[in-house]
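Take a look at the structure set out below.
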């Protein structure tokens with residue numbers, strides 16, 4: 001394999017030495033597992049206990065200092081796989097796993113399955129060594145072993161996984177992924193236990209969306225880096241808008257199921273309008289009411305001679321609007337059971353669905369601009385979700401805002417020109433060079449995951465807490481995956497899944513946003529955070545997210 005090309009900053013970043021919590025600085029033989037009491041799932045306890053009879057109810061665990069000499073005697077072979085979309089810092093998770101295994105016993109080994117879960121099914125992997133890993137430390141991307149979105153769910157697939165793990169004599173498998181990937185990890189862990197296979201499964205929380213979080217997983221890795229990248233871009237646009245003073249910029253930000261990214265970028269840049277999907281859902285706002293709220297601020301700014309502004313739009317906004325959410329749910333069920341001929345056009349699919357949907361939803365689908373309606377019918381992802389990244393919500397909002405302002409002009413309530421520009425920031429943030437925070441956090445997550453594997457734990461997610469403090473004070477442990485699960489409807493069926501964490505409208509971050517959003521709407525409060533700083537004062541280089549700051553204030 002040829003070595004990757006490294007830019008000057010990559011060469012410098014390679015020299016960065018991630019900091020570990022004091023607990024993990026000891027030899028792995030001096031780290032013990034402290035078990036708490038048994039746990040329960042978020043809801044659907046009896047159903048989930050029946051589905052996961054061998055792994056349900058495991059205790060929370062914390063890593064503490066103490067003699068654990070058995071670790072030195074074990075010789076383990078561990079596999080690692082990257083699953084789902086990219087997030088900054090994935091390579092450091094692998095580095096943390098590798099370094100911990102080698103520190104515990106030089107004969108321990110690590111292999112990386114190539115291309116995501118499909119690599120496990122096809123038994124494609126590479127043996128990870130310091131030489132092959134060296135150039136990937138502290139870098140962005142998942143290119144070292146690549147990722148994928150294959151979902152392991154059929155009996156045949158589980159058998160293939162079992163046979164390949166046995167063939168490779170693996171003692172543990174670490175799955176680095178989001179809520180869906182770690183749900184898959186729970187099923188694999190249960191399958192291994194049910195079949196008496198001595199291969200433990202550990203998860204690592206990854207998603208820039210920020211929706212895999214709870215009391216014990218304070219943030220998923222990559223969120224810090226991605227939001228800083230988006231904030232730099234959004235801040236540049238704020239400055240451009242303030243310089244030209246003639247355009248409204250609608251910026252759609254990644255975040256399929258929650259508005260965490262949008263809220264965080266809002267705190268970092270202080271734009272005029274920040275649409276939070278969870279708030280819109282709670283208020284049961286219609287699409288027309290969302291547009292009315294945007295038009296109201298445009299008119300108010302116009303009266304003060306301000307023909308410009310910035311609107312942040314979460315990628316998944318359309319699914320938070322109750323009437324649209326109901327429509328998408330009905331479409332999911334209808335499309336799951338439909339068997340369209342290959343040559344069926346979008347218009348033919350629409351006509352078919354008009355007849356299948358309830359009249360109110362059929363009329364709603366007809367009322368949505370044709371291009372957006374067509375995007376709602378696009379193929380789903382492997383987990384049955386609408387591909388919201390392909391739905392150009394910002395263009396829908398602009399089109400409808402134009403119509404609303406034209407109506408207000410007729411009523412002599414608005415007499416200005418509305419010129420709008422659209423942006424979508426998504427892939428720009430997924431593979432960035434990780435911030436100091438994410439470089440430290442991901443390395444620690446991997447190191448911690450290896451400790452859990454070395455101690456024979458299974459169906460746990462690596463957990464690092466106390467993240468607003470310096471890394472030396474971080475608290476390490478593991479959360480049972482089933483503790484985070486509930487039953488949800490997917491692809492027309494009820495399925496066990498890790499519950500996504502939405503923006504908490506009663507939480508400190510959102511309450512802080514409520515205090516300032518009216519001021520941001522009219523006054524010029526723009527912030528221009530600039531690029532990520534990797535070198536310099538700790539106050540700048542090691543700062544964490546505003547969200548974590550407010551949550552743990």
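Going 7 Å from the Cα of residue 75 toward and past its Cβ, which residues in region 86-128 have a backbone nitrogen under 11 Å from where you end up? The answer is 106-109.
Name the shape class, rounded, prolate or oblate, that the alpha-carbon gyration tensor gives for region 508-553, where a ≥ b ≥ c are the square roots of its eigenvalues, rounded holds for a/c under 1.5, and otherwise prolate holds if a/b is larger than b/c and oblate otherwise. Judged from the Cα gyration tensor, region 508-553 comes out oblate (a/c at least 1.5, b/c at or above a/b). May I ask for the angle, rounded to the nearest 10°, between helix 322-337 and the longest principal axis of the chain, with both axes built from Cα atoms and the value confined to 0 to 90°? Helix 322-337 sits roughly 60 degrees off the main axis of the chain.
Against the chain, whose longest principal axis is taken from its Cα atoms, helix 508-522 shows a tilt of about 30°.
Sorting the segments 467-473, 68-74 by their mean number of nearby beta carbons within 10 angstrom, highest to lowest, gives 467-473, 68-74.
Compute the FRET efficiency between residue 243 and residue 541 as 1/(1 + (r/R0)^6), taking r as their Cβ-Cβ distance and R0 = 25 Å, and round to the nearest 0.05.
Working: r = 29 Å, r/R0 = 1.14.
Here the calculated transfer efficiency is 0.30.
Once you sort the root eigenvalues of the Cα gyration tensor of region 455-553 as a ≥ b ≥ c, which label holds: rounded (a/c under 1.5), prolate (a/b larger than b/c) or oblate (the other case)? Judged from the Cα gyration tensor, region 455-553 comes out oblate (a/c at least 1.5, b/c at or above a/b). Give me the distance between the Cα centres of region 349-369 and region 440-459, rounded to whole Å. Value for the Cα centre distance between the two parts: 49 Å. Taking all Cα pairs closer than 8 Å and separated by 6 or more residues, the relative contact order of region 1-84 comes to 34 percent.
Peptides 174-182, 453-461 ranked from most to least packed by the mean count of surrounding Cβ atoms within 10 Å: 174-182, 453-461.
Taking every DSSP bridge with both residues inside the chain, close to 40 percent are antiparallel. Its DSSP H runs of at least 4 residues, each contributing -39,500 (n - 2.57), put the calculated 222 nm mean residue ellipticity of the chain at -13000 deg cm²/dmol, to the nearest 500.
Averaging Cα coordinates gives a centre for region 1-79 and one for region 139-202; these two points are 16 Å apart. Full extension of the chain between residue 123 and residue 198 gives 25.2 nm of extra length, using 0.36 nm per residue less the Cα-Cα distance. In the chain, the longest principal axis of the Cα atoms and the axis of helix 436-454 are about 40 degrees apart.
Values quoted throughout were computed directly from the atomic coordinates according to the rules given, and no laboratory measurement underlies them. No experiment lies behind these values; they were computed from the predicted model shown. Methodologically, a virtual Cβ is constructed for each residue, glycine included, from the backbone with ideal geometry; neighbour enumeration extends over all protein chains shown.
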